[in-house]
Amino acid sequence: MLRSARAVVLLGLYGLFSLLVLLIVGSISKAFQASVNQQVAAQANPAAIEQAYAQARLGLLGFLFSGDVAILEALKEIPLVVVIVFKVTLVFLPAYVALIGFDQLSGELSQHSIRYLVVRGKRSSILFGKFVAQALLLLSLVLLVDLGIFLYAKATNEDFTWLAMGKSLLRFWLAAILFSLAYLSLTSLCSVLFRNPALSLVVNLAALFAFWLLDVIGRAESLRLLRFFSPSQYAANLLHPRLSEFAISTAGYAGFAVLFLGASYLVIRSRDV
Amino acid sequence: MDHALELREVVKRFGPNIAVNRVSLTVERGQCYGLIGPNGAGKTTTFSLMCGYLFPNQGEIRILGVTPQQQGALKQKVGVLPQDAILPPWSKVGFLLHYWATLQGLENPERCAREALDLVGLAETWNTAAQALSHGMAKRVSMAQALMGDPPVVLLDEPTSGLDPRIAAQIRQLIRDLKGKQTIVVSSHNLQELEELCDAAAILDRGTLVQSGSMSDLTSIGAEFRVQIASGSVPLAELKALRGCTGASLEPSGILTVSFDRSLVAPEEIITCVVALLAAREVLILSVSRGRKLEERVLQLT
């Protein structure tokens, strides 16, 4: 069951954080653009300045997306602020997912209220029902926040057409769905493993930290393989224009989701409630 | 086989501790069955095993032919009043009952939910949030969900604990009304209540079944009676010599206990003979009662 008051609070939290990132990135981006415009007006060779600006944008995007030319090309129509906010939100989205769902089952287990359910239905139905409910809540909240960011980008960028905005919004939202469902599965697993909701949250956050650590350690050439065990390894290509790269990323996230949900299923069908 | 519920050699361990040790018992259809024992006897664990909340380490449990631990097996077969399950605090009572009735697959969930709530006398709480209910009211709402849809087996864990005497009496009456129509298993500390309600019971102690059987067997109602003596000298030797009498003893508190063999003498016959003999010896009597209190039996066994 979804608790509407909690959904509103979480939307507020997510919205506020996104807004904060948007304001910071937006103001930096605006100041940068103003400076470029100023230099263009003052200089005899504005084309060179504009080229320098494009280079700078490309450099930033390259840093965010590992310099993949195809992605950079695909993102050229999208305002820089949207791309940066999206990348930043991907960093905190897993923690947000943990906050949404840490007590989805541990809360019921700790209060024994799950006992009202297990005599009425299959344990797997309880698990998947809660997962779907949490997923719908999460996807709605992410859509709302993404929509806000894109509308801001539309309002501040005349070149950003409604068609481009619609296409990009759908693409970014789909990427967020794939990304967050894997983390929601991890949250389900932590929640079904522990009767204490606080412990479930702590272990969930510890697992996120472990994945981040794997990603960092995996940057060393000799330990490269380790990165493939971290979901964030597959994040960049979720926006890739080529189907093969996008499919590999999707398969990566789907694999993690199936792994965590499968483990949750095995735990709930055999644990005492 | 017409058992409503059967446990065979069931063992449940929590780490190194054995909570339930090779417990076997059967509950017949339509019976009201009590689970009795002191704290830590394994009553709630046995109860939780019956409900499918816990998985046994060993042994077999069957309720109406199905294993409770099998997913969804108890749906529409069993109604459960868990002892310590908290109602989701933010939800309204009507919403919860309606939701559970829907999950249960009842044909008209709202009607079933309203009827069950009415049965426990809380129809007016339909729109009340669970967190606003008193302990007694929450217990009755929990009772309502157990009775929704008239499941053939109803498992009740401490149904009257924490209730005021008037409400407790109402709940007991509710259970009495179910007797014969549904199989009921009641786990309780209140032995007087169990003695009054149950047809049969199992006495547990430290995870082991120490005795089970019909209530009359447990209380020796068919083979023993007690006489409260007010004054006079009790002729024990003469009493023992009566036909069918297998023993007579007098406690310092003035309770005369007479046991007899039912195959040799009818209870009313030997009770009359004993009372007549005592009257003839000018012994004054305060009361006569058949069997012994369940409480005494439990204290003797545990």
Exercise. For the range A:256-273, how many residues meet the condition of being open to solvent by 30 Å² or more (accessible area, probe 1.4 Å) and within 14 Å of chain B (Cβ to nearest Cβ)?
Worked result: 7
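Does residue A:184 count as in contact with a Leu (Cβ under 7 Å, 6 or more places away or on another chain), at pLDDT 95 or above and buried (at least 18 other Cβ atoms within 10 Å of the Cβ)?
Details: in contact with a Leu (Cβ under 7 Å, 6 or more places away or on another chain): yes; at pLDDT 95 or above: yes; buried (at least 18 other Cβ atoms within 10 Å of the Cβ): yes.
Yes; evaluated as a whole, the condition is true for this residue.
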Problem set entry | Failed criterion for residue A:114 (all others in (1) among the hydrophobic types (A, V, I, L, M, F, W, C); (2) within 20 Å of residue B:104 (Cα to Cα); (3) more than 11 Å from every other protein chain (Cβ to nearest Cβ); (4) open to solvent by less than 10 Å² (accessible area, probe 1.4 Å) hold) | (3)
Seminar exercise, completed: residue B:151 passes all but one of the listed conditions (1) surrounded by fewer than 20 Cβ atoms within 10 Å (Cβ to Cβ); (2) at pLDDT 95 or above; the exception is number (1)
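Before we move on, is residue A:219 open to solvent by 70 Å² or more (accessible area, probe 1.4 Å), modelled with pLDDT under 90 and not in a helix (DSSP H, G or I)? Step through it out loud before you land on a result.
Numbers: open to solvent by 70 Å² or more (accessible area, probe 1.4 Å): yes; modelled with pLDDT under 90: yes; not in a helix (DSSP H, G or I): yes.
When the stated conditions are applied, residue A:219 passes them.
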Seminar exercise, completed: The lone condition residue A:140 fails out of (1) surrounded by 20 or more Cβ atoms within 10 Å (Cβ to Cβ); (2) more than 14 Å from chain B (Cβ to nearest Cβ) is (1)
Problem set entry | Test result for residue B:23, at pLDDT 95 or above, touching a helix residue (DSSP H, G or I) at 6+ places or on another chain (Cβ under 7 Å) and surrounded by 14 or more Cβ atoms within 10 Å (Cβ to Cβ) | yes
For this session: Report, ordered by the first and then the second residue, all pairs with beta carbons closer than 7 Å, sequence separation of six or more or different chains, a first member in the range B:45-66 that is facing another protein chain (nearest Cβ under 10 Å), and a second member that is β-branched (Val, Ile, Thr) and in a loop (DSSP other than H, G, I, E, B).
Result: B:51/A:119; B:52/A:119; B:53/A:273
For this session: Please note which helices (runs of 4 or more DSSP H) are completely contained in the range B:78-147 and include at least 3 residues that are touching a strand residue (DSSP E or B) at 6+ places or on another chain (Cβ under 8 Å) and within 14 Å of chain A (Cβ to nearest Cβ).
Result: B:135-147
Seminar exercise, completed: Exactly one of B:83, B:70, B:76 is open to solvent by 20 Å² or more (accessible area, probe 1.4 Å) and touching a Ser or Thr at 6+ places or on another chain (Cβ under 9 Å), and that one is B:83
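Residues that are more than 30 Å from residue B:25 (Cα to Cα) and not small (Gly, Ala, Ser): list the helices (runs of 4 or more DSSP H) wholly contained in the range B:213-299 that include at least 3 such residues. Full working, then the answer.
Details: elements: B:215-218, B:236-240, B:267-280.
In the range B:213-299, B:236-240, B:267-280 are the helices (runs of 4 or more DSSP H) which contain 3 or more residues that are more than 30 Å from residue B:25 (Cα to Cα) and not small (Gly, Ala, Ser).
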Exercise. Out of curiosity, is residue B:170 open to solvent by 20 Å² or more (accessible area, probe 1.4 Å) and touching a residue at least 12 places away in the same chain (Cβ under 8 Å)?
Worked result: yes
For this session: Being crowded, with 21+ Cβ neighbours inside 10 Å and not β-branched (Val, Ile, Thr) is the filter here, so list the residues in the range A:143-154 that pass it.
Result: A:146, A:150, A:153
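Give me the residue from the range B:25-44 that is on the phi > 0 side of the Ramachandran plot and under 16 Å from the mean Cα position of the chain (by Cα) and, out of that set, nearest to the other protein chains (Cβ to nearest Cβ). Quick ask: steps written out before the conclusion?
Step one: filter the range B:25-44 for residues on the phi > 0 side of the Ramachandran plot, giving B:30, B:37, B:40, B:42.
Then keep just the ones that are under 16 Å from the mean Cα position of the chain (by Cα); that gives B:30, B:37, B:42.
Working: B:30: 21, B:37: 20, B:42: 15 Å.
Among residues in the range B:25-44 that are on the phi > 0 side of the Ramachandran plot and under 16 Å from the mean Cα position of the chain (by Cα), the one nearest to the other protein chains (Cβ to nearest Cβ) is B:42.
Taking residue A:147 as the residue in question, decide whether it is within 19 Å of residue A:13 (Cα to Cα) and assigned to a helix (DSSP H, G or I). So that I can check it myself, show each step before the final result.
Details: within 19 Å of residue A:13 (Cα to Cα): yes; assigned to a helix (DSSP H, G or I): yes.
Against the criterion (within 19 Å of residue A:13 (Cα to Cα) and assigned to a helix (DSSP H, G or I)), residue A:147 qualifies.
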Problem set entry | Exclusive hit being over 21 Å from the mean Cα position of the chain (by Cα) and buried (at least 18 other Cβ atoms within 10 Å of the Cβ), set A:80, A:109, A:61, A:75 | A:109
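The values are calculated or read from the model by the stated rules, or taken from the named source; none is laboratory data. Since we're looking at a predicted model, the values are computed, not measured. No Cβ is skipped: glycine too gets one built from the backbone with ideal geometry, and neighbour counts run over all protein chains shown. Accessible surface areas use protein heavy atoms only, side chains included; no ligands, DNA or RNA. Shrake-Rupley method; radii C 1.70, N 1.55, O 1.52, S 1.80 Å.
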